[in-house]
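To start, the structure under review is shown below, and the notes come after it.
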Amino acid sequence: MSQRIQAPRGTSDVLPEDWPARRGAEAVAQRILEAAGYRRIETPTFEATELFARGVGESTDIVQKEMYTFEDAGGRSQTLRPEGTAPVARAYLEHGMHKAPQPVKLWYLSSFFRQEKPQAGRFRQFWQIGAEAIGSADPAVDAELILLLHAILTESRVRDVQLRLSSLGTPAARSEYRAHLQEHLRANADDLSGEVRERIDLNPLRAFDSDHPGTKRVMASAPRLLDHLDADDAAHFAEVRALLDAAGIPYEIDTTLVRGMDYYTRTVFEFVSGALGAQSAVGGGGRYDGLIEMIGGPPTPGNGWAAGIERMLLAAEQRPEPQPVVDLYVASAKHDNGHVEAFALAAEARRAGLAVQQELAGRSLKGQLKQADRIGARYVAILGDEGIALKDMESGEQETVESAAAAVARALKGRHPG
Ligand code: AMP
């Protein structure tokens, strides 16, 4: 036997038994987002590498270490999408969506690819539900997006959720702050992890994400960006907080919150769940007023979030999965041509709108009835030498019917309202 081939490390199959919960979470997201005027979009699985290099940012972990990049036959560098915001922003520009009433509200449910170290809740291909509202700088957009994700997580019964909120200000305020932070890091360089020390110039803010004890001590006394916001940014942030307060959404200000992409400006947020391990973020996002310009468009404000479906499901209360409805099981007790008649009856019943399963494994009649019972069939049609018998699996009663059409009509009448 040749060696068995397995799925790539860090990927997982979504098996039939996984779908009821997953479909439930997807349906909740779709209902809540579409009711708020968000419309679904799907972008290609791969994009020009340049989109992420410029959009997500050259200095980020995603672009530096995690992208699946390949050269296509035409010699162009392409990358499997590691995130959804830059592609949606590209689509907004490419399709002239700035001409539509603003903000343009879009949502997606797609898979993404990052070459990260696999662990619980962290995969190399994972799925996200995401929402983006592009074209308005109004703080109400920030608050509405947060409120919608809060509603989705609540309705999906994600346990022990907390919202962390901060503001990164404008790029100008941030670069001034970066210089302060770099000073602080250089002054304490001996206590930092090697990785953080090496990245003082490139990406000092990421030091807030470090688990290294020495780095954590240094960061505890580091200056905070939130204390360096300019007046407009501070007013924007105050308004977002006031709107969340008015809507009764609890949050905590987290001055150490930095997100993994360079495009964020002003409001950033993350929902974490205490039901998850080290990878506790269920979803997050924020405002990205500079992104569209970074990828070649006119200055355009934007805002959005993404939530990981696998993490939502890991953190959610388990619910019993409903058994699929089977209105009719078509069994065959006759030898000669019975299987052909059974097949025709099943086809007719399906055309009439019934949920039908038929015998596909050559079981004995006893085996077929057992199978019908196992899958919870409401009726069983048995095609025998004396015609068609219809067994009501709830009462156990059996009657003879004169034709396939009569069997279908009877099963339709007795069907549970679904
Ligand atoms: P991000 O796009 O990094 O802001 O991530 C948004 C959400 O996607 C996170 O809060 C996670 O729920 C999920 N996510 C991000 N990376 C991964 C991954 N490698 N595996 C599984 N879920 C992920």
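The values are calculated or read from the model by the stated rules, or taken from the named source; none is laboratory data. Fair warning: this is a prediction, and the values are worked out from it, not measured in the lab. Cβ atoms come from the backbone with ideal geometry, glycine included; neighbour counts cover every protein chain shown. The accessibility values were calculated without ligands, DNA or RNA, using every heavy atom of the protein model including side chains. Shrake-Rupley method; radii C 1.70, N 1.55, O 1.52, S 1.80 Å.
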Relative contact order, percent, the chain [alpha-carbon distance under 8 Å, six or more residues apart]:
16 percent
Quick one: angle between helix 139-155 and the longest Cα principal axis of the chain, in degrees between 0 and 90, rounded to 10, please.
40 degrees
Between Glu71 and Gln162, what length in nm is gained on full extension when 0.36 nm per residue of separation is reduced by their alpha carbon distance?
28.6 nm
Could you report the chain's accessible area per residue, 1.4 Å probe, as an integer in Å²?
50 Å²
Using label points projected 7 Å from each Cα along Cα→Cβ, tell me how many nm separate His180 and Asp211, to one decimal.
3.0 nm
Could you check how many percent of all C-alpha pairs in segment 326-413 are farther apart than 21 Å?
16 percent
Inter-part distance where segment 10-85 and segment 336-372 are each reduced to a Cα centre, Å
42 Å
Tally up the carbon and sulfur contribution to the accessible surface of segment 326-413 as a whole percent, 1.4 Å probe, everything protein left in place.
50 percent
Mean-position separation - Cα centroids, segment 226-284 and segment 137-215, in angstrom:
9 Å
Separation in nanometres of the label points that stand 7 Å from Cα toward Cβ, at Asp191 and Ala7:
4.4 nm
Computed for segment 248-382: size of charge dipole around the Cα centre, +1 on C-beta of each Lys and Arg, -1 on C-beta of each Asp and Glu, debye to nearest 20, value 580 debye
Dipole magnitude of the chain about its Cα centre, charges +1 at Lys/Arg Cβ and -1 at Asp/Glu Cβ only, in debye to the nearest 20?
660 debye
What FRET efficiency comes out for Ala27 versus Ala242 if R0 is 41 angstrom and r is the Cβ-Cβ distance? Round to the nearest 0.05.
0.80
Please work out how many pairs of lysine residues in the chain are eight or more positions apart (or on different chains) and have Cα atoms closer than 20 angstrom.
7
Based on the Cβ-Cβ distance of His98 and Arg39, what FRET efficiency does E = 1/(1 + (r/R0)^6) give at R0 = 22 Å, to the nearest 0.05?
0.90
Added length on full extension, which subtracts the Cα-Cα distance from 0.36 nm per residue, Ala140 to Gln318
60.7 nm
From the helices alone, meaning DSSP H stretches of at least four residues, give me the mean residue ellipticity at 222 nm for the chain, per-run term -39500 (n - 2.57), in deg cm²/dmol to the nearest 500.
-10500 deg cm²/dmol
Charge tally for neighbours of Gly367 with beta carbon under 14 Å away, counting Lys, Arg as +1 and Asp, Glu as -1, is +2
Cleavage-rule hits (GluC sites (Glu not before Pro)) in segment 292-323: DSSP loop, at most 11 neighbouring Cβ within 10 angstrom
Glu317
Nearest-ten-degree value, helix 19-35 long axis tilted from longest Cα axis of the chain:
60 degrees
Cα-based helix-to-principal-axis angle, 404-413 vs the chain, degrees rounded to 10:
50 degrees
Of Ala381, Val258, Pro101, which is farthest along the charge dipole of the chain in the positive direction, counting Lys and Arg as +1 and Asp and Glu as -1 at C-beta?
Ala381
Row for the chain, column shape: gyration tensor on C-alpha, a ≥ b ≥ c, rounded if a/c < 1.5 i.e. under 1.5, prolate if a/b over b/c, else oblate; value prolate
Provide the gained length on full extension for the span Asp373 to Arg224, in nm with one decimal, where the gain is 0.36 nm per separating residue minus the Cα-Cα distance.
47.2 nm
